[in-house]
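Worksheet for the structure shown next.
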Amino acid sequence: MHRFRVALITVLATGVVGPVSLSAQRGGGRHGAESSAPPAKVPAWRGDAEVAGKITDEAGKGVPDAKVVFVFVAANEGFFATSRKSGEFAGKDVKTGKWRVQVEVPNFVTYREEVTFETRKNTLNVQLKRDNSPELLTKAETLFKEGKNAEARAEYVNVLAAHPELTAINRAIAFTYGREKNHVEALKYLDLAIAANPNDTTLLQLAASSATQLSDYPRAMGYLAKIDDAALTDPAPLSDAAVNFISRSKSAEAITVLDRVIARFPDSPDAYFYRGFAQLQAGKNPEGKADLEKFVSLAPATSPLMAQARSLLVKLP
């Protein structure tokens, strides 16, 4: 009888580590003689049950060379089997109980499920879906460039459903909502993207902008607080956020952010202009005047903000 390739594997909380020696035995030392070697440990998933089944595609055709991973939940370890040309596979000497099953094969969406083996003979048939994610992503990006946000989003969502590990797609979905000025939904996906990339300055800036548009200023400041000033090579991520605050008359928030900009980029003239403007907005004329004078001393005469700065200074005592 054909023997299916079955290898022992050890599984950690993060997944399968890899194949282990196939030499694990139920018995102890050599027959008829004592051995100083301890008896091989029987894996916790070993039992007297078995499982067999077939891996097929959406047309019902057998899928060969599929890696079928079984993890015994109680022990968090198990084995894997490889399907034959017909798509059939089998695993013997396993325990009854709850198992996590994962089926992997190139060009198909990975299948995951928790099953329970209740009898000595168990059947598990799995139908895989073709993975058309590359085509969907290409289509989504084309639609996004064409400004068809809802259509692009639908394709991104389909890819994410098949590949939840592709967390960067949350960012793309957030962009589609941002274009539609649906900041509530944009923030949902930005938060998911940030969870996977907590130090991404662009994501944090975008999230702060959306929160500002929703007038949720504490939330916006929370996103900005996570930006590492030392890692910034350009004041724009913080300066742009400050300008958003100024446009909504949130001068205190703007000043707080611009203090960070000036501490990191002390020779950035525009930061002094915006902080000066925010100071005036807050009724702090002496502080505002000092910042505007600093801007005039640093900025080139051709700066588009120069005329406004001089006009404001003329009006100040």
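Coordinate-derived values only; no laboratory data. These numbers come from a predicted model, not from an experiment. For neighbour counting, all protein chains shown are included, and Cβ atoms are generated from backbone atoms with ideal geometry for every residue, glycine included.
Each residue of the stretch 225-231 was assigned a 3J(HN,Hα) from its phi angle through the Karplus curve 6.51 cos²θ - 1.76 cosθ + 1.60 (θ = phi - 60°); the sequence is 5, 7, 6, 7, 4, 5, 8 Hz, with glycine and proline shown as x.
In a reduced charge model with +1 at each Lys and Arg Cβ and -1 at each Asp and Glu Cβ, the chain shows a dipole moment near 740 debye about its Cα centre. To the nearest ten degrees, helix 236-247 and the longest principal axis of the Cα atoms of the chain are 60 degrees apart. Angle of helix 168-179 to the longest C-alpha principal axis of the chain, folded into 0 to 90 degrees and rounded to 10: 40°.
The ellipsoid that matches the Cα gyration tensor of the stretch 156-302 has semi-axes, each √(5λ) in whole angstrom, of 33, 15, 11, with the longest given first.
Remark on the stretch 102-218: Rg and Dmax equal 18.3, 61 Å (Cα only).
The protection proxy used here, the mean number of other Cβ atoms lying within 10 Å of each residue, ranks peptides 56-67, 238-249, 175-186 as follows, highest first: 238-249, 175-186, 56-67. Here is how the number arises for the chain: DSSP H runs of 4 or more residues each give -39500 (n - 2.57), the sum is divided by the residue count, and the result at 222 nm is -13500 deg cm²/dmol. Comparing mean-square fluctuations of Pro235, Pro300, Pro269 from a GNM of the chain with C-alpha springs under 10 Å, the top value falls on Pro300.
Computed over the Cα atoms of the stretch 153-241, the ratio of the radius of gyration to the Kirkwood radius (Rg/Rh) comes to 0.99. Between the helical axis of 306-315 and the longest alpha-carbon principal axis of the chain there is an angle of about 50 degrees.
What is the local net charge at Glu141, summed over the other residues whose Cβ is closer than 15 Å to its Cβ (Lys, Arg +1; Asp, Glu -1)?
On the way: positive: Lys139, Lys145, Lys148, Arg153, Arg171, Arg179; negative: Glu135, Glu146, Glu151, Glu155.
Taking every other residue near Glu141 into account, the sum is +2.
For GluC sites (Glu not before Pro), the sites in the stretch 64-142 that DSSP calls loop and that have at most 10 other Cβ atoms within 10 Å are Glu118. Once you have the Kirkwood Rh of the chain from its Cα pairs, apply Stokes-Einstein at 37 °C and 0.692 mPa s and quote D in µm²/s. Translational diffusion coefficient: 132 µm²/s. For the stretch 122-177, pairs of C-alpha atoms spaced more than 14 angstrom apart make up 53 percent of the total. Start at zero, step by 5 Å, and the Cα-Cα distances of the stretch 198-247 spread as 4, 24, 36, 23, 9, 2 percent across the bins.
Under a Gaussian network description of the chain, with springs only between Cα atoms under 10 Å, the residue in Ala252, Ala52, Ala230 that fluctuates furthest is Ala230.
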